[in-house]
Amino acid sequence: MESPPTCNACHKTFSSVSTKNRHMKTMHNIMIEEKKSKHIRCPLCPVEQETLVNQEMLINHLTEIHEVSIKQFDLSFRNMEEFQLWRSKENREVDYACARSKKTSNGDQLIYYNCNRSDSYGFHSRCTKRGMKTGGTIRISGICPLRIVVRICGNGMVNVKFVETHVGQQNELRTKRLTKEDQMILVEQLHAGVTNERILQDARKINENQLERKNLIRRGDLEYLIRKFNVNKRRNADDTVATALKIEEWNEDGKNYAFLFKRKGESHPDLLDTDFAVGYMNEIMEKKLKDFKRIICIDGTHGTNRMNYELTTILIKDEDNMGFPVAFLVSNRLDTLIQKVFFAALKEKLGHIIEAEYVMSDDDPKYYNAWIDIMKTERKPRRLLCSWHVINNWNIQRRSKLKKQENRLKMKKEMRNILKETKVEKFIELKENYFNHLMEENEFSFLNYLKKNYFQNEDRIMMWAHCFRINVGINTNMAIESLNKVLKHNKMKGNRNIRIEKLLDMLEELVNEKMWKKILNTERPNANNYQHKVTAEAHKKAENMTNCVETIEFGKFRVKSSTGKHF
C-alpha cells in the first residue's frame with residue numbers, strides 16, 4: 001500500500017498531492033513544480049510520436065517540423081452580440097465546438113472553442129449495438145490547431161484569439177453541422193405545420209451549383225430538431241408523466257373530461273396494478289350522447305400508439321344521420337372487464353343510465369355483455385352486428401372452407417345479397433337456394449360454419465340480416481370504420497410510433513374538427529355532400545306528398561311508400 005503524501009519540511013501527511021503542495025507553498029514558502037500532462041498529439045505525426053503539452057507547442061511543432069503555415073488573428077469586439085455575429089459567418093459555428101469555459105483571477109471569463117473533429121487518441125466506439133458508420137467517424141487521430149479563445153472582460157469588451165487553419169483533415173460536408181440560422185428556419189417551418197416531406201423536397205434545391213450542408217438533411221435531422229425545440233409541444237420527456245399532465249389539463253376547473261384514469265402501478269378494485277385506462281368525453285360529446293342515445297355503436301381498434309394500447313370508441317348517429325364520437329377509451333386490454341369499468345365510469349359521469357334501443361358492434365359479444373350488465377335498463381337494447389364485420393368474417397372463412405375457386409367468388413355475391421335483402425320471404429328463399437347449392441357442390445365445411453355461427457336460430461339471424469332491421473335507421477358500423485381511418489391516415493399519417501400523450505391530443509382535435517365540420521355545413525352547406533343530397537331529395541319528395549303521412553305519436557310518423565302500397 002502506497003504511503004500518503006508527506007511534507008518534507010514538517011513531515012505532516014495529507015490526503016492528496018495537491019493539498020500537500022498547497023501546504024508547502026503557503027506554510028513553508030516552498031514552490032513545487034508540478035508535472036504538466038502531455039495530452040496533445042500532432043495530427044500529422046505517427047501515433048508513436050511523443051505528445052505535446054499545450055496548444056502553443058502544437059502550433060510551433062506544425063510550423064517548424066511540418067512547415068505548415070498557421071494563420072492567427074487577434075480580434076476585439078465591443079460586446080458579445082458583435083462576437084456572435086462574427087462567429088455566425090463562414091461556418092465558424094459549424095467547425096467549432098465549445099470545449100470549456102472558466103473564470104480568471106481578475107474576474108474575466110474565458111471560453112475555448114476547439115475543432116469538433118479533434119481527438120487525442122482517435123475515436124473508437126465502444127457501443128456493441130450500433131454498427132460503424134459507412135463513411136467512418138469524423139474524428140481525426142490528433143488535435144487540430146483550429147481554435148477560438150474568447151476573453152470576456154468586465155467592461156463587456158470581447159477579445160478573441162483566432163486560429164483559422166485546419167490540419168490533418170479534409171473539408172467534407174458530412175462532418176459539418178447545421179448552422180443556427182439553418183436550424184431556426186427549419187424549426188419555423190415545422191412549427192408552421194409544413195410536412196417533413198415538403199421540407200426535404202425544398203432542401204434538395206441547390207443554389208448556384210454549390211452543394212451545402214442544408215441540402216443533405218435527412219428525416220433524422222428533422223426528428224432531432226423536433227425533440228430539441230419541442231415542436232410537438234411535449235409536456236414532459238416521460239410519456240407517463242406527460243399523459244398525467246394532459247389529464248390534469250382535461251380535468252382542470254372541474255371539467256372532468258377524463259372521467260376514467262387508471263395509471264400503471266395504481267390500485268383499482270377491478271383492474272390489475274399493471275393495467276392502464278383513460279376514458280375521455282368533453283361537454284360537446286356528453287350533450288350529443290344525451291340527445292341521440294337511440295343507437296349506440298361500439299368498436300375497438302389497435303395500432304394507434306407505440307405502447308400497443310387499444311382504442312375503444314362509442315359513436316352515435318346525430319340529427320343529420322352522421323356518425324359522431326361521444327366517448328373514447330385508451331387501455332392496455334380489450335376484454336369484457338375493462339369495458340365494464342369504462343361503461344360504469346361513463347354512467348357515473350352522466351349521472352344516469354343510457355336507455356339505448358340498439359347496440360351495434362362486431363361479432364365479439366364483450367361490448368354488448370358489458371353494456372347490458374352496467375346499463376341495467378327495464379328493456380334490454382337489441383343487439384345488432386356490423387355488416388362490414390360480418391361480411392369480412394365470411395370472406396376470411398371462405399378461403400379455407402370452400403374448395404372450389406368459382407364457389408369462393410360466388411359466395412361473396414350470394415351472401416351479400418342474402419344479408420342485404422329487406423323482405424323476409426325473399427331472404428328465406430335466397431338462403432335455401434344457396435344452401436342447396438353448397439350441398440350440391442359438396443361444400444359442407446362452409447355450410448356447417450354458416451349454420452353454426454349465423455343461422456343457428458332466429459335471434460342470431462335478426463342481429464345481422466337487414467330484413468329484420470327495417471326502420472332501425474342504421475345498417476352498418478361504417479361510421480366508426482371511417483372515423484378510425486381519419487385518425488390513422490389523416491391524423492397519424494400511418495405512423496404507429498405515437499406517444500399516449502400525442503394520441504390523446506389527436507382524439508381531442510378529431511372531436512373539435514367534427515364539431516366545426518357540422519358548423520361549417522350548417523353555415524355554408526356543401527352542395528357535394530352526399531348526406532345533404534339525400535336529405536334534400538327526401539325533403540322535396542315529402543313536400544309533394546299529400547295524405548300520405550299519418551302521425552303515430554310525437555316525433556313518429558307512418559309514411560306511405562311512393563312506389564307501392566306498403567308503409
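Can you spot a residue in the stretch 2-22 that is free of Cβ contacts under 8 Å to residues at least 40 places away in the same chain, among the polar types (S, T, N, Q), assigned by TED's automatic domain parsing to the domain that holds Gly156 and in a helix (DSSP H, G or I)? Explain how you work it out, then say what you get.
If we filter the stretch 2-22 for residues that are free of Cβ contacts under 8 Å to residues at least 40 places away in the same chain, which is where we start, we get 2-22.
Filter again for among the polar types (S, T, N, Q), leaving 3, 6, 8, 13, 15-16, 18-19, 21.
Filter once more, keeping what is assigned by TED's automatic domain parsing to the domain that holds Gly156: none.
No, the stretch 2-22 contains no residue that is free of Cβ contacts under 8 Å to residues at least 40 places away in the same chain, among the polar types (S, T, N, Q), assigned by TED's automatic domain parsing to the domain that holds Gly156 and in a helix (DSSP H, G or I).
Can you spot a residue in the stretch 513-536 that is more than 26 Å from Glu283 (Cβ to Cβ) and in contact with a Lys or Arg (Cβ under 7 Å, 6 or more places away or on another chain)?
no
Can you work out which of the residues in the stretch 546-562 that are part of a strand (DSSP E or B) and among the basic types (Lys, Arg) is surrounded by the fewest Cβ atoms within 10 Å (Cβ to Cβ)? Reasoning before the result, please.
So in the stretch 546-562, the residues part of a strand (DSSP E or B) come out as 549-553, 556-559.
Okay, now just the ones that are also among the basic types (Lys, Arg), so 556, 558.
Values: Lys556: 7, Arg558: 10.
Among those residues, the one meeting the criterion is Lys556.
Name the single residue, out of those in the stretch 60-71 being among the hydrophobic types (A, V, I, L, M, F, W, C) and surrounded by 14 or more Cβ atoms within 10 Å (Cβ to Cβ), that is nearest to the chain's Cα centre (by Cα). Break it down into steps so the answer makes sense when it comes.
Here is the first cut: in the stretch 60-71, the residues among the hydrophobic types (A, V, I, L, M, F, W, C) are 62, 65, 68, 70.
Filter again for surrounded by 14 or more Cβ atoms within 10 Å (Cβ to Cβ), leaving 62, 68, 70.
Working: Leu62: 52, Val68: 53, Ile70: 50 Å.
The selected residue is Ile70.
Quick one: which residue in Arg306, Arg218 is of a type in the set (Lys, Arg), assigned by TED's automatic domain parsing to the domain that holds Glu357 and more than 17 Å from Ala345 (Cβ to Cβ)?
Values: Arg218 fails: assigned by TED's automatic domain parsing to the domain that holds Glu357.
When all the criteria are applied, what remains is Arg306.
Within the stretch 158-195, track down each residue that is over 30 Å from Pro43 (Cβ atoms) and surrounded by 15 or more Cβ atoms within 10 Å (Cβ to Cβ).
Leu186, Val187, Gln189, Leu190
Given the structure, is Thr476 at pLDDT 80 or above, touching a strand residue (DSSP E or B) at 6+ places or on another chain (Cβ under 9 Å) and hydroxyl-bearing (Ser, Thr, Tyr)? Spell out how you get there, then give the answer.
Values: at pLDDT 80 or above: no; touching a strand residue (DSSP E or B) at 6+ places or on another chain (Cβ under 9 Å): yes; hydroxyl-bearing (Ser, Thr, Tyr): yes.
No, not satisfied.
List the number of the failed condition for Leu260; all other conditions in (1) modelled with pLDDT of 95 or more; (2) over 21 Å from Thr336 (Cα atoms) hold.
(2)
Listed here are the residues, each with its yes/no results for (1) part of a helix (DSSP H, G or I); (2) modelled with pLDDT under 90; (3) within 23 Å of Gln189 (Cα to Cα).
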| site | (1), (2), (3) |
| --- | --- |
| Asn209 | no, yes, no |
| Asp221 | yes, no, yes |
| Tyr224 | yes, no, yes |
| Asn232 | no, yes, yes |
| Asn236 | no, no, yes |
| Thr240 | yes, no, no |
| Leu245 | yes, no, no |
| Trp250 | yes, no, no |
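Looking only at residues in the stretch 187-207 that are outside any helix (DSSP H, G or I) and not small (Gly, Ala, Ser), which one is farthest from Lys502 (Cα to Cα)? Full working, then the answer.
If we filter the stretch 187-207 for residues that are outside any helix (DSSP H, G or I), which is where we start, we get 192-195, 204-207.
Now drop any that are not not small (Gly, Ala, Ser), which leaves 194-195, 204-207.
Values: Val194: 18, Thr195: 17, Arg204: 30, Lys205: 33, Ile206: 35, Asn207: 37 Å.
Looking at residues that are outside any helix (DSSP H, G or I) and not small (Gly, Ala, Ser), I get Asn207.
If Asp74 passes every condition in (1) exposed (fewer than 12 other Cβ atoms within 10 Å of the Cβ); (2) at pLDDT below 85; (3) over 46 Å from the mean Cα position of the chain (by Cα); (4) not aliphatic (A, V, I, L, M) but one, which one does it miss?
Single failed check for Asp74: (2).
Would you call Thr304 touching a residue at least 40 places away in the same chain (Cβ under 8 Å), in a loop (DSSP other than H, G, I, E, B) and within 19 Å of Ala277 (Cβ to Cβ)? Before the answer, list the steps.
On the way: touching a residue at least 40 places away in the same chain (Cβ under 8 Å): yes; in a loop (DSSP other than H, G, I, E, B): yes; within 19 Å of Ala277 (Cβ to Cβ): yes.
Considered against the rule, which asks whether it is touching a residue at least 40 places away in the same chain (Cβ under 8 Å), in a loop (DSSP other than H, G, I, E, B) and within 19 Å of Ala277 (Cβ to Cβ), Thr304 comes out as yes.
Yes or no: the stretch 355-370 includes at least one residue that is among the hydroxyl-bearing types (Ser, Thr, Tyr), closer than 20 Å to Ile247 by Cβ and surrounded by 17 or more Cβ atoms within 10 Å (Cβ to Cβ). Step through it out loud before you land on a result.
To start, the set of residues in the stretch 355-370 that are among the hydroxyl-bearing types (Ser, Thr, Tyr) comprises 358, 361, 367-368.
Narrowing further to those that are closer than 20 Å to Ile247 by Cβ: none.
So far as the stretch 355-370 goes, no, none of its residues is among the hydroxyl-bearing types (Ser, Thr, Tyr), closer than 20 Å to Ile247 by Cβ and surrounded by 17 or more Cβ atoms within 10 Å (Cβ to Cβ).
Would you be able to tell me the number of residues in the stretch 79-115 that are closer than 27 Å to Arg139 by Cα, part of a loop (DSSP other than H, G, I, E, B) and modelled with pLDDT of 85 or more?
Going through the stretch 79-115 one residue at a time, the tally reaches 0.
For (1) out of contact with any Ser or Thr (no Cβ under 8 Å at 6 or more places or on another chain); (2) over 22 Å from Lys288 (Cα atoms); (3) assigned by TED's automatic domain parsing to the domain that holds Arg263, each residue gets a yes or a no:
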position: Glu319; (1), (2), (3): yes, no, yes
position: Phe324; (1), (2), (3): yes, no, yes
position: Phe328; (1), (2), (3): no, no, yes
position: Lys340; (1), (2), (3): yes, no, yes
position: Leu346; (1), (2), (3): yes, no, yes
position: His352; (1), (2), (3): yes, no, yes
position: Glu357; (1), (2), (3): yes, no, yes
position: Met360; (1), (2), (3): yes, no, yes
position: Asn369; (1), (2), (3): no, yes, yes
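Where residues in the stretch 174-193 are polar (S, T, N, Q) and at pLDDT 90 or above, which of them is farthest from the chain's Cα centre (by Cα)?
Just the residues of the stretch 174-193 that are polar (S, T, N, Q), to begin with: 175, 179, 183, 189.
Imposing the further condition that a residue be at pLDDT 90 or above reduces the set to 183, 189.
Details: Gln183: 22, Gln189: 19 Å.
Among residues in the stretch 174-193 that are polar (S, T, N, Q) and at pLDDT 90 or above, the one farthest from the chain's Cα centre (by Cα) is Gln183.
The values are calculated or read from the model by the stated rules, or taken from the named source; none is laboratory data. All values reported here derive from a predicted model rather than from experimental measurement. Cβ atoms come from the backbone with ideal geometry, glycine included; neighbour counts cover every protein chain shown.
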